[in-house]
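Everything on this sheet refers to the single structure shown next.
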């Protein structure tokens with residue numbers, strides 16, 4: 001099998017420790033990849049690397065540039081806040097590493113293009129950690145999509161009635177840039193575009209609202225530290241092939257229950273997908289039928305771990321990136337357009 005791939009983290013907060021690390025830990029046990037270094041500006045994160053994961057103090061860095069200069073890494077896992085994805089990614093490519101970076105890819109398409117270009121120049125893989133694709137129900141729906149034909153209408157919804165994050169930097173504009181659009185909307189939109197085979201978007205019309213999260217409420221976050229521009233967003237996206245997608249996402253909205261779903265209408269059938277189930281709609285036997293396949297997940301399967309396994313498999317076997325920057329940049333352009341449309345109060349075109 002050869003030497004285990006050497007892995008370093010830039011940013012070692014909760015998403016790194018609790019979501020990505022279970023995958024890397026299993027790969028270490030299998031002798032495939034091993035966490036060897038961490039860089040984080042937060043001393044508590046570096047302490048967690050030492051105490052929870054057994055890294056020696058000299059392999060826990062405050063400055064990621066120092067880590068990249070001193071440690072020969074095969075893979076860098078970037079788990080910094082949204083606003084700080086670009087520079088560590090490009091630096092890791094220059095150091096000769098493959099890169100997996102947390103979603104959203106970045107906070108503007110120009111930065112994403114620079115990340116893609118850096119990966120190509122280094123001849124290394126760039127993967128965006130869109131873990132929603134790796135849910136068992138999502139994988140099942142992708143396989144079933146062959147039965148519904150070309151998709152011409154999609155409705156994507158990921159709503160939390162009361163779910164503003166009370167931890168981390170999610171609500172701070174200078175750290176995260178956006179709110180639920182970048183935290184939740186990017187998940188459901190990426191999944192929807194993946195199912196639709198990434199048609200070219202041409203226009204976006206959107207609206208944002210902030211009515212609840214910047215005031216005292218039953219939620220646990222500090223409303224004074226809520227500086228991102230939205231708590232609720234919706235958009236209408238038109239594509240060059242004539243298809244349309246509607247998107248809705250929230251951290252706070254006066255709705256009776258949350259959603260995590262996508263409905264896809266194709267020329268031969270439809271798929272009604274939820275994070276843990278799906279229904280396949282078909283015209284068969286002279287009637288409209290609704291089939292609910294059993295989705296049987298593997299014991300202990302976790303989507304963040306599955307994406308790590310897939311990335312490492314691609315590196316070891318010389319395969320393309322499972323979630324390449326070229327796909328994520330389409331999503332990013334739409335997210336940019338959502339904010340631009342809402343701010344300008346008009347439909348915006350995408351070049």
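The values are calculated or read from the model by the stated rules, or taken from the named source; none is laboratory data. Given the structure is predicted, the values throughout are model-derived calculations rather than measurements. In this analysis, Cβ positions are derived from the backbone assuming ideal geometry, glycine residues included, and neighbour counts consider all displayed protein chains.
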For residues that are in a helix (DSSP H, G or I) and either closer than 14 Å to residue 247 by Cβ or touching a helix residue (DSSP H, G or I) at 6+ places or on another chain (Cβ under 7 Å) (or both), tally how many sit in the stretch 324-351.
-> 16
Among (1) within 15 Å of residue 79 (Cα to Cα); (2) surrounded by fewer than 16 Cβ atoms within 10 Å (Cβ to Cβ) - the single one residue 43 does not satisfy | (1)
Which ones in the stretch 3-18 are out of contact with any helix residue (DSSP H, G or I) (no Cβ under 9 Å at 6 or more places or on another chain) and in a loop (DSSP other than H, G, I, E, B)?
-> 3
Residue check: is residue 21 closer than 28 Å to residue 187 by Cα, out of contact with any helix residue (DSSP H, G or I) (no Cβ under 6 Å at 6 or more places or on another chain), at pLDDT 95 or above and part of a helix (DSSP H, G or I)?
-> yes
Positions within the stretch 93-111 being over 17 Å from residue 308 (Cα atoms), touching a residue at least 60 places away in the same chain (Cβ under 8 Å) and assigned to a loop (DSSP other than H, G, I, E, B), in sequence order = 106, 107, 108
Would a scan of the stretch 190-197 turn up a residue that is at pLDDT 95 or above and in a strand (DSSP E or B)?
-> no
Within the stretch 260-281, tally of residues that are touching a helix residue (DSSP H, G or I) at 6+ places or on another chain (Cβ under 9 Å) and in a strand (DSSP E or B) | 12
Total residues in the stretch 46-67, condition closer than 19 Å to residue 100 by Cα, out of contact with any strand residue (DSSP E or B) (no Cβ under 6 Å at 6 or more places or on another chain) and crowded, with 19+ Cβ neighbours inside 10 Å | 0
Tell me, which residue of the stretch 195-234 that is under 20 Å from residue 129 (Cα atoms) and touching a helix residue (DSSP H, G or I) at 6+ places or on another chain (Cβ under 6 Å) is surrounded by the most Cβ atoms within 10 Å (Cβ to Cβ)?
-> 195
List, please: which pairs have Cβ atoms under 7 Å, are six or more places apart or on different chains, and start with a residue in the stretch 72-92 that is closer than 10 Å to residue 107 by Cβ and end with one that is modelled with pLDDT under 95?
-> 81/169
Taking the stretch 112-132, which residues are surrounded by fewer than 17 Cβ atoms within 10 Å (Cβ to Cβ) and in a loop (DSSP other than H, G, I, E, B)?
-> 123
